[in-house]
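Report on one structure; see the data block that follows.
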Amino acid sequence: MPEIIFIGADGTRRPVVAQDGESVMRAALSNDVDGIVAECGGAAACATCHVFVDDPRVPPATPIEDEMLEATAVPREPCSRLGCQVFVSRELDGLEVRLPETQL
C-alpha cells in the first residue's frame, strides 16, 4: 500500500499508509491528520481539503477542481490541489502533501 507524507504548516511530517485508489483527503481523515476539514465529504464543492502537491507524478487538476481552487482559505499556489481529487496509487508511493495554515 502506498505511503503519503503529510507535512503540516509547522513543518511536522506525518507518514500514513493509504489504500490504493483512496483520495488524499480520505487518507488524511482516516488517519486523524489535522488540517483537512472536508466539509462537502469529497464532492469537490467546498475547497476545505486544499493541499499543496508539487509532484510531477500527480495528474493535473480538472477544470472543475481548478475553478474550486479559487475559493481556498489561503492563497492558491501553482501546486494547489483539492485533496478529494488526488487519488493515491502505488505509483504515488512516498507522495508529499503540504497542508495550509487553515482551511476556513
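Using a simple spin-label model with points 7 Å from Cα along the Cα→Cβ vector, what separation in nm is obtained for THR102 and ASP10?
With each label point 7 Å from Cα toward Cβ, the separation is 1.7 nm.
What does the charge dipole of the chain about its Cα centre add up to, to the nearest 20 debye, if the Cβ of each Lys and Arg holds +1 and the Cβ of each Asp and Glu holds -1?
100 debye
What is the extension gain from ASP32 to ASP66, computed as 0.36 nm multiplied by their sequence separation minus the C-alpha to C-alpha distance, in nm to one decimal?
9.6 nm
With a sphere of radius 10 Å drawn around the Cβ of LEU69, what net charge do the other residues whose Cβ falls strictly inside it have (Lys, Arg +1; Asp, Glu -1)?
The answer is -3.
Each residue of region 87-93 in turn: what ³J(HN,Hα) in whole Hz from Karplus with 6.51, -1.76, 1.60 and θ = phi - 60°, glycine and Pro shown as x?
Result, ordered by residue: 9, 7, 9, 4, 5, 9, 3 Hz.
In deg cm²/dmol, rounded to 500, what helix-only [θ] at 222 nm does the chain give when every DSSP H run of at least 4 residues adds -39500 (n - 2.57) and the total is split over its residues?
Here the helix-only value at 222 nm equals -3000 deg cm²/dmol.
How much of the accessible area of the chain, in percent, comes from carbon and sulfur atoms when a 1.4 Å probe is used?
That share works out to 50 percent.
Compute the accessible area per residue over the chain, keeping the other protein chains in place, probe 1.4 Å, unit Å².
Accessible area per residue, the chain: 54 Å².
The values are calculated or read from the model by the stated rules, or taken from the named source; none is laboratory data. Predicted model only: the values in this text are computed from it and were never measured. We place every Cβ from the backbone using ideal geometry, glycine too, and count neighbours over all the protein chains shown. Ligands, DNA and RNA are stripped out before the accessible areas are found, and what is left, the full protein with its side chains, is counted by its heavy atoms. Shrake-Rupley method; radii C 1.70, N 1.55, O 1.52, S 1.80 Å.
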